[in-house]
Amino acid sequence: MSDPDRPPADFADLVRSPGVVEELELRSRFGFCAYHGGHLERQTHIIAREAAAQSGSSYYAVIQPPERVHHIPSTRVDPDSSERFRSFIDHCSVMVTVHGFGRRGYFTSLLCGGRNRRLASHVAGHLESTLPHHRAIHDLDDIPKGLRGTHPLNPCNLTVDGGMQLEVPPRIRGITPAALHWYRATNGQRFPLLDDLIDALAAAAETWPGTATTD
């Protein structure tokens, strides 16, 4: 970008912006992705990165610095705008894109959208067993329309077998006042719900068939 103060025109412009970092690890055919990571949808890249590392899955994220936070809508996140993202999409057979959201009435809900409904149900089962006091909603009719992730251009649907979009509320991401109080009171320990979520996602990836690493 020639002007560091100008908002990015598109995803290609964003990933070339000063301070923006793309991370890529290719492992199994199961992928975790957080292209709204960094200070945009906070903790989403941490969730994707650690769930992938724990389960031997592939991982891609775009990490935005605090001084440059811009939201490119999912339907405009074009894999052909980034060599790293394109290689991730081509490598994975299924993937989970991790997003952050906050909406009244859904503060204890995890939304499991996307076109691969079998994957959404599979992941939701692991979320429900690990986070019993939260709802893992995987019936599309119960997910707000703007958060369903079913548009054909949504990146979660671009792998060969499709994928799911996971929307995570602030409380589980550990960014609410209560979570920050926990962080201070425990001398920097991470909010336990975040680790529970990562464990559940890793278990879902490990038990999903047909995603072993290939050369």
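What number of residues within the range 172-206 satisfy the criterion of being surrounded by fewer than 18 Cβ atoms within 10 Å (Cβ to Cβ) and either over 30 Å from LYS145 (Cβ atoms) or touching a Phe, Trp or Tyr at 6+ places or on another chain (Cβ under 8 Å) (or both)?
Number of matching residues: 15.
Specify the residue that is nearest to THR75 (Cα to Cα); the eligible residues are those in the range 144-168 that are among the small types (Gly, Ala, Ser) and at pLDDT 95 or above. Write out each step before concluding.
Of all residues in the range 144-168, those among the small types (Gly, Ala, Ser) come to 146, 149, 162-163.
Then drop every residue that is not at pLDDT 95 or above, which leaves 149, 162-163.
Numbers: GLY149: 9, GLY162: 15, GLY163: 15 Å.
My answer is GLY149.
Give the number of residues within the range 135-167 that are out of contact with any Cys (no Cβ under 7 Å at 6 or more places or on another chain), free of Cβ contacts under 8 Å to residues at least 40 places away in the same chain and not small (Gly, Ala, Ser).
10
Is the range 15-22 home to any residue that is modelled with pLDDT under 95 and either touching a strand residue (DSSP E or B) at 6+ places or on another chain (Cβ under 7 Å) or among the polar types (S, T, N, Q) (or both)?
Checked the range 15-22: at least one residue is modelled with pLDDT under 95 and either touching a strand residue (DSSP E or B) at 6+ places or on another chain (Cβ under 7 Å) or among the polar types (S, T, N, Q) (or both).
Which of the residues spanning the range 82-109 are of a type outside the set (Phe, Trp, Tyr), over 16 Å from the mean Cα position of the chain (by Cα), modelled with pLDDT under 95 and under 24 Å from ILE46 (Cβ atoms)?
Across the range 82-109, the qualifying residues are ARG103, THR108.
Let me spell it out: the conditions are (1) touching an Asp or Glu at 6+ places or on another chain (Cβ under 8 Å); (2) more than 21 Å from GLY114 (Cβ to Cβ); (3) of a type in the set (A, V, I, L, M), and ALA52 meets all of them except one. Which number is the exception?
(2)
Going through the range 107-125 one residue at a time, which ones are in contact (Cβ under 8 Å) with a residue 60 or more places away in the chain and under 25 Å from ALA178 (Cα atoms)?
Within the range 107-125, PHE107, THR108, SER109, LEU110 qualify.
Determine whether the range 56-67 contains at least one residue that is of a type in the set (Asp, Glu) and without any contact (Cβ under 8 Å) to a residue 24 or more places away in the chain.
First pass over the range 56-67, keeping only residues of a type in the set (Asp, Glu): 67.
From the residues that got through so far, the ones that are without any contact (Cβ under 8 Å) to a residue 24 or more places away in the chain too are none.
So far as the range 56-67 goes, no, none of its residues is of a type in the set (Asp, Glu) and without any contact (Cβ under 8 Å) to a residue 24 or more places away in the chain.
What number of residues within the range 168-215 satisfy the criterion of being assigned to a helix (DSSP H, G or I), touching a residue at least 40 places away in the same chain (Cβ under 8 Å) and farther than 22 Å from ARG29 by Cα?
Looking only at the range 168-215, we keep the residues that are assigned to a helix (DSSP H, G or I), and these are 170-173, 177-185, 192-206.
Of the ones still in play, those that are also touching a residue at least 40 places away in the same chain (Cβ under 8 Å) are 170-173, 193-194, 196-206.
Now restrict to residues that are farther than 22 Å from ARG29 by Cα: 170-173, 193-194, 196.
Qualifying residue count for the region: 7.
Which of the strands (runs of 3 or more DSSP E) contained wholly in the range 1-65 include at least 2 residues that are crowded, with 18+ Cβ neighbours inside 10 Å? Before you say what the answer is, go through the steps one by one.
Working: elements: 21-25, 30-38, 58-64.
Qualifying strands (runs of 3 or more DSSP E): 30-38, 58-64.
Which count do you get for residues in the range 92-120 that are out of contact with any helix residue (DSSP H, G or I) (no Cβ under 7 Å at 6 or more places or on another chain), among the small types (Gly, Ala, Ser) and within 19 Å of ASN154 (Cα to Cα)?
Here the count works out to 2.
For the subset of the range 79-138 comprising residues that are in a helix (DSSP H, G or I) and small (Gly, Ala, Ser), which member is farthest from GLY162 (Cα to Cα)? Lay out the reasoning, then the answer.
Kept after step one, since they are in a helix (DSSP H, G or I), are these residues of the range 79-138: 79-81, 83-91, 117-130.
Then keep just the ones that are small (Gly, Ala, Ser); that gives 81, 87, 120-121, 124-125, 129.
Details: SER81: 20, SER87: 15, ALA120: 11, SER121: 14, ALA124: 16, GLY125: 19, SER129: 24 Å.
The residue in question is SER129.
The values are calculated or read from the model by the stated rules, or taken from the named source; none is laboratory data. In this text the structure is predicted, and so the values were computed from the model without any measurement. Every residue, glycine as well, gets a Cβ built from its backbone with ideal geometry; the counts of neighbours run over all protein chains shown.
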